[in-house]
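J.: The structure's right below; bear with me while I get my questions together.
The values are calculated or read from the model by the stated rules, or taken from the named source; none is laboratory data. Please read these numbers as outputs of a predicted model, since none were measured by experiment. Cβ coordinates were reconstructed from backbone atoms using ideal geometry, including for glycine residues, and neighbour counts include every protein chain displayed.
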Amino acid sequence: MSCIITGMMLKTPLQGILFDFDGLILDTETPIFQAWEEKFKEYGNQLLLEEWAEILGKSTDHLGPIEGFINGFREEDKRKEILEEVKQKELELVYQKKPLPGAQELIIKAKDQGLILGVVSSSDQDWVHSHLNRLGLMDYFDHTSCADEVEIAKPDPTLYNLGLKKAGLSREKVLVLEDSPNGVLAAKRAGLFTIAVPNQLTGQLPFYNNGGTPDLVLGSLLEFPWEEFMRDN
């Protein structure tokens, strides 16, 4: 386990976990990037990861490099056609995905140990709930907090403040699991102990230059240090 500890205090035993969804429980981020990357190439353009990083972990309202690409087509019908083609490709790729390593095991074990579990996502409820139900994980969560419940999504802390409120726990008894720099920044702005678990895509992004330094970094959720977080103080 590779870890970076800061001065953030977490009182053990842990009582709750707030999970990000996209890129942490299910790798939806890589398929979405791949779908747009293919579409950019089809029209002689290049989609850079550095540009894509701008919207990773944010709500779907943030289009980033997609906006300039789409606006390059004058005809409204053509823009709609491209959006629909990419959406279908995204879904095709996402539905081939299983939970990321350690995610299902961690969720089940945490529930068995009596922790309060929540999902805090920059995606809408329909997206999050449909995939959690498809994966058989929805019933393990006590609550979800999604982008369509707030006016401002990550990296603003509003979603994590909402998730903490729904959990009904004090900040020092809850930790956050996130995969992206924007998600980590949102959780840290909410004053929460935050573990970064970068995936194939977000592992290529910097986590330490935006004011949202994680308290701990794991290679995967398989490395979650149960003994450390469940011990009595």
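J.: Taking the condition of being among the aliphatic types (A, V, I, L, M), under 26 Å from Ile17 (Cα atoms) and not in a loop (DSSP other than H, G, I, E, B), how many residues in region 82-102 meet it?
T.: 1
J.: Moving on. Assuming Thr213 fulfils every condition listed in (1) in a loop (DSSP other than H, G, I, E, B); (2) touching a strand residue (DSSP E or B) at 6+ places or on another chain (Cβ under 7 Å); (3) among the β-branched types (Val, Ile, Thr) apart from one, which condition is it?
T.: (2)
J.: Can you name every residue in region 9-24 that is over 19 Å from Leu132 (Cα atoms) and β-branched (Val, Ile, Thr)? Before the answer, list the steps.
T.: We begin by selecting, within region 9-24, every residue over 19 Å from Leu132 (Cα atoms); these are 9-15.
Of everything in region 9-24, just one residue is over 19 Å from Leu132 (Cα atoms) and β-branched (Val, Ile, Thr), namely Thr12.
J.: Do you know which of the residues in region 162-176 that are basic (Lys, Arg) and within 19 Å of Ser122 (Cβ to Cβ) is surrounded by the fewest Cβ atoms within 10 Å (Cβ to Cβ)?
T.: Of the residues in region 162-176, the ones basic (Lys, Arg) are 165-166, 171, 173.
With within 19 Å of Ser122 (Cβ to Cβ) added as a condition, the list becomes 165-166.
Working: Lys165: 11, Lys166: 18.
Checked region 162-176; the qualifying residue surrounded by the fewest Cβ atoms within 10 Å (Cβ to Cβ) is Lys165.
J.: While we're looking at this one, here's another question. Take region 122-143 and flag every residue that is polar (S, T, N, Q) and surrounded by 15 or more Cβ atoms within 10 Å (Cβ to Cβ). Lay out the reasoning, then the answer.
T.: Pass one, region 122-143, residues polar (S, T, N, Q): 122-123, 125, 130, 133.
The answer is Ser122, Ser123, Gln125.
Each row is one residue, and each column tells you yes or no for (1) in contact with a helix residue (DSSP H, G or I) (Cβ under 6 Å, 6 or more places away or on another chain); (2) assigned by TED's automatic domain parsing to the domain that holds Gly64; (3) among the β-branched types (Val, Ile, Thr); (4) buried (at least 18 other Cβ atoms within 10 Å of the Cβ).
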{"residue": "Pro157", "(1), (2), (3), (4)": "yes, no, no, yes"}
{"residue": "Glu178", "(1), (2), (3), (4)": "yes, no, no, yes"}
{"residue": "Gly191", "(1), (2), (3), (4)": "yes, no, no, no"}
{"residue": "Ile195", "(1), (2), (3), (4)": "no, no, yes, yes"}
{"residue": "Pro198", "(1), (2), (3), (4)": "no, no, no, yes"}
{"residue": "Pro206", "(1), (2), (3), (4)": "no, no, no, no"}
{"residue": "Gly219", "(1), (2), (3), (4)": "no, no, no, no"}
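J.: Continuing with this model, one more query. Has region 114-123 got any residue that is under 18 Å from Cys146 (Cα atoms) and at pLDDT below 95?
T.: Scanning region 114-123 turns up at least one residue that is under 18 Å from Cys146 (Cα atoms) and at pLDDT below 95.
J.: From Ile70, Ile66, Ile55, Ile82, which residue is in contact with a His (Cβ under 6 Å, 6 or more places away or on another chain), outside the structural domain of Ile195 (by TED's automatic domain parsing) and either modelled with pLDDT under 90 or surrounded by 14 or more Cβ atoms within 10 Å (Cβ to Cβ) (or both)?
T.: Values: Ile70 fails: in contact with a His (Cβ under 6 Å, 6 or more places away or on another chain); Ile66 fails: in contact with a His (Cβ under 6 Å, 6 or more places away or on another chain); Ile82 fails: in contact with a His (Cβ under 6 Å, 6 or more places away or on another chain).
Exactly one residue qualifies, and that residue is Ile55.
J.: Of all the residues that make up region 130-177, how many are out of contact with any Leu (no Cβ under 9 Å at 6 or more places or on another chain) and hydroxyl-bearing (Ser, Thr, Tyr)?
T.: Matching residues across region 130-177 total 2.
J.: Can you tell me which residue is nearest to Gln15 (Cα to Cα) among those in region 204-233 that are among the polar types (S, T, N, Q) and at pLDDT below 95?
T.: Restricting to residues being among the polar types (S, T, N, Q) and at pLDDT below 95, the top hit is Asn233.
J.: Within region 14-38, restricting attention to residues that are among the acidic types (Asp, Glu) and not in a helix (DSSP H, G or I), which residue is modelled with the highest pLDDT?
T.: Start the filter on region 14-38 by keeping residues that are among the acidic types (Asp, Glu), which leaves 20, 22, 27, 29, 37-38.
Right, trim to not in a helix (DSSP H, G or I) and you get 20, 22, 27.
Values: Asp20: 98, Asp22: 94, Asp27: 90.
Selected residue: Asp20.
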